[in-house]
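S.K.: Right, I'll just put the structure down here and ask away after.
The values are calculated or read from the model by the stated rules, or taken from the named source; none is laboratory data. Remember, predicted model here, so these are calculated numbers, not experimental data. Cβ: placed from backbone, ideal geometry, glycine included. Neighbour counts: every protein chain shown.
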Amino acid sequence: MTDLPRVASPDEVPVLDLTPLTQGGDIRELARQLDEACRNTGFFYISNHGVPERLTNEIFGATRRYFALPAEAREAHVMDPVYRRGFMKQGINQHPGFQPDLKESYEIGVDLPADDPDVTARLPLHAPNQWPEELPWLREASEAYFAATRALGERMLRLIAVALDLPEDHFLQYTQKPMVQMRLFHYPPQPPASPENAFGVAPHTDYGMITLLNQDPIGGLELQKRDGEWIRAPYVDGTLVVNIGDLFQRWTNDLYVSNPHRVVNRTGKERYSIPMFYNLDYHAPVECLPGCCSAENPPRHAPISSGDYLVSRFRTVQKYGAETEPA
């Protein structure tokens, strides 16, 4: 990990200007650009996305403040592995063949009431958020940013539907109680002598629909091209990074690419990032879309519900005690 990968070219990770989407214009050309990016690398930047800069500044400020708290204070907010709300300490997340990820996180989702039927049934990923009473600033910044990026996720679903020649509201029908998860990530500086298989986040693909990533100026995100080369997706001011997840690749019959990516914090500084994982309702049926298969190219993946797929994938990488059954 001593050689720094080259910076991605605009053709490899393009910047898509969402102005037509956010201002009610004609989105067909924008949808074509998105379609091309999703077929090639599955990664792109978005500008003029509608998430106010003020909210970005506030959520990063709250993230830095939270991870500056003493370890024992953060561990008082430890995550329930089924509900997935709260603090996850370093060492829990480990991809097969790699050292545990060199990061810690605080997770927020759609804030459901305690008496919601899916909460009382302990349906994975459905829960009230865990808001420490002594940290009102964490809740305030998180809820405002979460609401803005959740709305952006719904706009992106409209654009993706148009790119796939579907009605604009095709995916929105599965957003009654979407499994939207936001994580506040802290990456301590990676030790220079760390093993070759140690990363901030080891090489992996995201599991769900789409990820909306807000990264700080330090950068650190690297993605693998289809030819195997690793390239850097550096910080670009005013943008978010979007990538396609495995579940969406399944939905498109592998037409859209869920590319491996990783994080390496070589800077000697603290790194922070805030991904929003936008996933649909738990029981949303994921099966090959009509325009993505043919007699010559039949469906490659068996149908599955969105939630069942996500739960199965989380279980492969998150190591809790034997007494728990992580979601």
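S.K.: Please list, ordered by first then second residue, the pairs with beta carbon atoms under 6 Å, 6 or more apart or interchain, first in the stretch 55-80 and farther than 14 Å from SER105 by Cα, second in a helix (DSSP H, G or I) and hydroxyl-bearing (Ser, Thr, Tyr).
M.R.: That search, which allows pairs on different chains as well, returns LEU55/TYR145.
S.K.: Could you tell me which of the residues ASP246, ASP254, ASP281, ASP308 is within 23 Å of GLY153 (Cβ to Cβ), loosely packed, with under 14 Cβ neighbours inside 10 Å, acidic (Asp, Glu) and within 20 Å of the chain's Cα centre (by Cα)?
M.R.: The conditions single out ASP308.
S.K.: May I pose another question? For the stretch 261-312, enumerate the residues that are in contact with a Ser or Thr (Cβ under 7 Å, 6 or more places away or on another chain) and either charged (D, E, K, R) or closer than 22 Å to VAL242 by Cβ (or both).
M.R.: TYR272, ILE274, PRO275, MET276, PHE277, ASN279, LEU280, ASP281, ALA284, VAL286, LEU289, CYS292 - these are the residues of the stretch 261-312 that are in contact with a Ser or Thr (Cβ under 7 Å, 6 or more places away or on another chain) and either charged (D, E, K, R) or closer than 22 Å to VAL242 by Cβ (or both).
S.K.: Let me ask another. Across the stretch 36-55, which residue is nearest to LEU221 (Cα to Cα) among those that are at pLDDT 95 or above and surrounded by fewer than 19 Cβ atoms within 10 Å (Cβ to Cβ)?
M.R.: Checking each candidate, the answer is SER47.
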